[in-house]
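Input: a single structure, listed below in structure tokens.
The values are calculated or read from the model by the stated rules, or taken from the named source; none is laboratory data. Being a predicted model, the structure only gives us computed values, none of them experimental. So basically every Cβ, Gly included, is an ideal-geometry build from the backbone, and we count neighbours across all protein chains shown. When the accessible area is computed, the model is the full protein with side chains, heavy atoms only, and any ligands, DNA or RNA have been set aside. Shrake-Rupley method; radii C 1.70, N 1.55, O 1.52, S 1.80 Å.
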Amino acid sequence: MIVRPGRDRRAVLHRGPSGASRAPGREVIVIGGGIAGLSAALCLAERGVSVRLLERERTWGGRARSWDLGEGRSMSRGFHAFFRQYYTLRSLLRRTDPALGMLEDIGDYPLQRAGGARDSFRGIPRTPPWSVAAFALRSESFPLRELAGVDVPAALALLRAEFPASFSAHDGEDAASFLDRLRFPDQARHLALEVFARSFFADPSQFSAGELVGMFHTYFMGSAEGLIFDVPSDSYSPTLWDPLVRALRSHGGEARTGTAVDGVHEAGDGRLLVRTASEELTADAVVVAADPRTARRLVAGMDRPRRAAGPEDGWAASVAAQRNAPPFAVQRLWWDRPVAAEAPAFLGTSGFGPLDNVTVLDRFEGTARRWSAAHGGSVVELHAYALTGHTPAQDDAVRRELRAQLERLHPELRGAVPVHEEWLVQEDCPLIGTGEWARRPTVTTPDRRVVLAGDWLRTDEPVALMERAALTGLQAANALLEGWGAAGHDWWSVPMSGVLRSPARAAARRTGRRARA
């Protein structure tokens, strides 16, 4: 009996490679202990592969990691939403807790515009197209007088999406231009860009329209899971990732933090050599699951495979061509007073200067809740995405502006004093730009001993962010296992076609393309 991962009856089961149940005697080094690396490492270890997982930072989770600050406080790289359609990520987490007891429903996901209107997803049907229709009828972002100007045939095309073809159909087009072409109402346009494009830390004029179409499909117009998400009950690393590392070790895997990799080279015996600051390790294969900038550096420094130079050079060039998104900022404040009781745990914002969302952490995170109870205050996190051209000299100005915008939303905090403050600016997220989708790197490489994993890669499935990281980790493991004649892992995705397109017909077209390839 096939057990579906969620409520979507159109979710697609993808079969992994068949073969022997285990691949003993094989050794793999996984570079990067983020979600992609953890996924690859566990999928390999579960098939009997000897795995070494090397992570540069001192905590696991990559861009979804957290760390302890002492005195009952913790910090992270910012809020993450664990959507119900993140089937691969949730399957990964079920390795340590089949009931996913570490996640809890956040309730609502309101979006506040500076003009005063607020959209909510509470009570909206979750199955498309009824979800789209109900939201449009209820939301002030879709005034009827402006809906008359929408390019209806182009908008309906969103309900006929087919992946991966829909990614390539928008090559060269950015997200902002795409919505201009559809003649979306102004308020709805901002809503779409704030929810999707800026969640990728990207300016909408630099973000792929094909990726935006994929996100419309994944989160709202193609999946019956809806815009419902969960959050971890406590800090990311101890709650989510540390248990996965313990599971890896229970399979005989080795895992180290504080271990940066300097390079990947030929070992001279058909194996690969991985060099760190203190040692040289060899393995049959390597999974490069590092952040995009580190992955580009490692690929650029690799010895070229012994086969013909042309395809390898093209592959390396495609990796080198990838770019990072602009910096993003996270400001976490421990206030001397609580926020208003009616305030939502998470609020997306539009038109509040650099402020993109507000999270009241003590509403759901155990560490923050305990600090709040002990001090009578609150723990609030502010995000600023896509700080194009930002320099360290601008930090203080952005911090002041974020706090000023917070007071517009939470006047009860005017005059409040932050007992503690943490400030973080990072620039290590991928930019899914407007270039040709088919030229983006994938999991496989010309060297069968080297595979990639991470949310910056191209996938056929319409997934992104943490789910793309988890999925590419699984697919990287599958690629190695298939080469060794071992069985891989199955996975699920949201529907591969829109609700107005026949799934059987779309599947036949995809099968035909694969047969001709």
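Residue-level check: of (1) part of a loop (DSSP other than H, G, I, E, B); (2) charged (D, E, K, R); (3) surrounded by fewer than 20 Cβ atoms within 10 Å (Cβ to Cβ), Asp8 misses just (3). If the condition is being more than 9 Å from Ala209 (Cβ to Cβ), of a type outside the set (S, T, N, Q) and either in a helix (DSSP H, G or I) or free of Cβ contacts under 8 Å to residues at least 24 places away in the same chain (or both), then the range 149-180 contributes Val152, Pro153, Ala154, Ala155, Leu156, Ala157, Leu158, Leu159, Arg160, Ala165, Phe167, Asp180.
Looking at Glu342, Glu365 in this structure, which one is open to solvent by less than 50 Å² (accessible area, probe 1.4 Å), acidic (Asp, Glu) and within 30 Å of Glu412 (Cβ to Cβ)? Full working, then the answer.
On the way: Glu342 fails: open to solvent by less than 50 Å² (accessible area, probe 1.4 Å).
Answer to the selection: Glu365.
Out of the residues in the range 107-135 that are in a loop (DSSP other than H, G, I, E, B) and among the aliphatic types (A, V, I, L, M), state the one that is most open to solvent (accessible area, probe 1.4 Å). Restricting to residues being in a loop (DSSP other than H, G, I, E, B) and among the aliphatic types (A, V, I, L, M), the top hit is Ala114. Select from the range 12-32 the residues that are of a type in the set (Gly, Ala, Ser) and in contact with a Gly (Cβ under 7 Å, 6 or more places away or on another chain) and write down the one among them that is surrounded by the most Cβ atoms within 10 Å (Cβ to Cβ). The residue in question is Gly32.
Checking Leu457, Leu471 one by one, the residue that is farther than 17 Å from Leu431 by Cα and either of a type in the set (A, V, I, L, M, F, W, C) or in contact with a Leu (Cβ under 6 Å, 6 or more places away or on another chain) (or both) is Leu471 and no other. Any residue at all in the range 369-383 that is hydroxyl-bearing (Ser, Thr, Tyr), closer than 18 Å to Phe229 by Cα and touching a residue at least 24 places away in the same chain (Cβ under 8 Å)? Taking every residue of the range 369-383 in turn, none turns out to be hydroxyl-bearing (Ser, Thr, Tyr), closer than 18 Å to Phe229 by Cα and touching a residue at least 24 places away in the same chain (Cβ under 8 Å). Which members of the range 376-404 meet the condition of being buried (at least 20 other Cβ atoms within 10 Å of the Cβ), over 23 Å from the mean Cα position of the chain (by Cα) and closer than 19 Å to Phe201 by Cα? Answer for the range 376-404, where residues must be buried (at least 20 other Cβ atoms within 10 Å of the Cβ), over 23 Å from the mean Cα position of the chain (by Cα) and closer than 19 Å to Phe201 by Cα: Val398, Leu402.
Modelled with pLDDT of 95 or more and open to solvent by 40 Å² or more (accessible area, probe 1.4 Å): which single residue out of Arg256, Arg183 fits that description? Write out each step before concluding.
Details: Arg183 fails: modelled with pLDDT of 95 or more.
It is Arg256.
Can Ser74 be described as within 22 Å of Leu361 (Cα to Cα) and crowded, with 23+ Cβ neighbours inside 10 Å? In short, yes. Of these, Arg439, Arg458, which one is over 19 Å from the mean Cα position of the chain (by Cα) and either more than 30 Å from Asp68 (Cα to Cα) or acidic (Asp, Glu) (or both)? Sole residue among the options that is over 19 Å from the mean Cα position of the chain (by Cα) and either more than 30 Å from Asp68 (Cα to Cα) or acidic (Asp, Glu) (or both): Arg439. As for the range 51-60, it holds no residue that is of a type in the set (Phe, Trp, Tyr) and assigned to a strand (DSSP E or B). Among the residues of the range 218-258, those that are within 18 Å of Met75 (Cα to Cα), among the polar types (S, T, N, Q) and in a helix (DSSP H, G or I) comprise Ser237, Thr239.
Residues in the range 485-504: is at least one without any contact (Cβ under 8 Å) to a residue 60 or more places away in the chain and more than 17 Å from the chain's Cα centre (by Cα)? Yes; the residues of the range 485-504 include at least one that is without any contact (Cβ under 8 Å) to a residue 60 or more places away in the chain and more than 17 Å from the chain's Cα centre (by Cα).
Go through the residues of the range 454-464 one by one and say whether even a single one is modelled with pLDDT of 95 or more, out of contact with any Ser or Thr (no Cβ under 8 Å at 6 or more places or on another chain) and not in a strand (DSSP E or B). Yes, there is a match, as at least one residue in the range 454-464 is modelled with pLDDT of 95 or more, out of contact with any Ser or Thr (no Cβ under 8 Å at 6 or more places or on another chain) and not in a strand (DSSP E or B).
Restricting the first member to the range 438-463 and to residues that are closer than 24 Å to Pro495 by Cα, and the second to residues that are in a strand (DSSP E or B), the beta-carbon pairs closer than 6 Å and six or more apart or on different chains are Val443/Val451; Val443/Leu452; Ala453/Val287; Trp456/Pro430; Glu461/Ser493. Inclusion of Ala373 among residues that are outside any strand (DSSP E or B) and buried (at least 20 other Cβ atoms within 10 Å of the Cβ) is not warranted. Considering every residue within the range 313-321, establish whether at least one is closer than 20 Å to Trp67 by Cβ and either surrounded by fewer than 21 Cβ atoms within 10 Å (Cβ to Cβ) or modelled with pLDDT of 95 or more (or both). Checked the range 313-321: no residue is closer than 20 Å to Trp67 by Cβ and either surrounded by fewer than 21 Cβ atoms within 10 Å (Cβ to Cβ) or modelled with pLDDT of 95 or more (or both). Pairs linking a residue in the range 257-274 that is closer than 18 Å to Gly62 by Cβ to a residue that is surrounded by 15 or more Cβ atoms within 10 Å (Cβ to Cβ) and hydroxyl-bearing (Ser, Thr, Tyr), with Cβ atoms under 6 Å and 6 or more positions apart or on different chains, are Thr259/Thr276; Val261/Thr276. Selection of the range 416-439 for residues being farther than 23 Å from Leu38 by Cβ, open to solvent by less than 60 Å² (accessible area, probe 1.4 Å) and either polar (S, T, N, Q) or part of a loop (DSSP other than H, G, I, E, B) (or both) yields Ala416, Leu431, Gly433, Thr434, Gly435.
None of Glu104, Glu55 is surrounded by 24 or more Cβ atoms within 10 Å (Cβ to Cβ), farther than 30 Å from Asp186 by Cβ and acidic (Asp, Glu) except Glu55.
Rundown of residues vs (1) of a type in the set (S, T, N, Q); (2) out of contact with any strand residue (DSSP E or B) (no Cβ under 8 Å at 6 or more places or on another chain); (3) more than 25 Å from Leu298 (Cβ to Cβ), yes/no style:
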| residue | (1), (2), (3) |
| --- | --- |
| Cys43 | no, yes, no |
| Val51 | no, no, no |
| Phe79 | no, no, yes |
| Arg95 | no, yes, yes |
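Within the range 475-495, if we keep just the residues that are open to solvent by 10 Å² or more (accessible area, probe 1.4 Å) and hydrophobic (A, V, I, L, M, F, W, C), the residue that is farthest from Thr127 (Cα to Cα) turns out to be Trp484.
Exactly one residue out of Pro441, Pro462 is out of contact with any Lys or Arg (no Cβ under 9 Å at 6 or more places or on another chain) and under 29 Å from Gly172 (Cα atoms), and it is Pro462.
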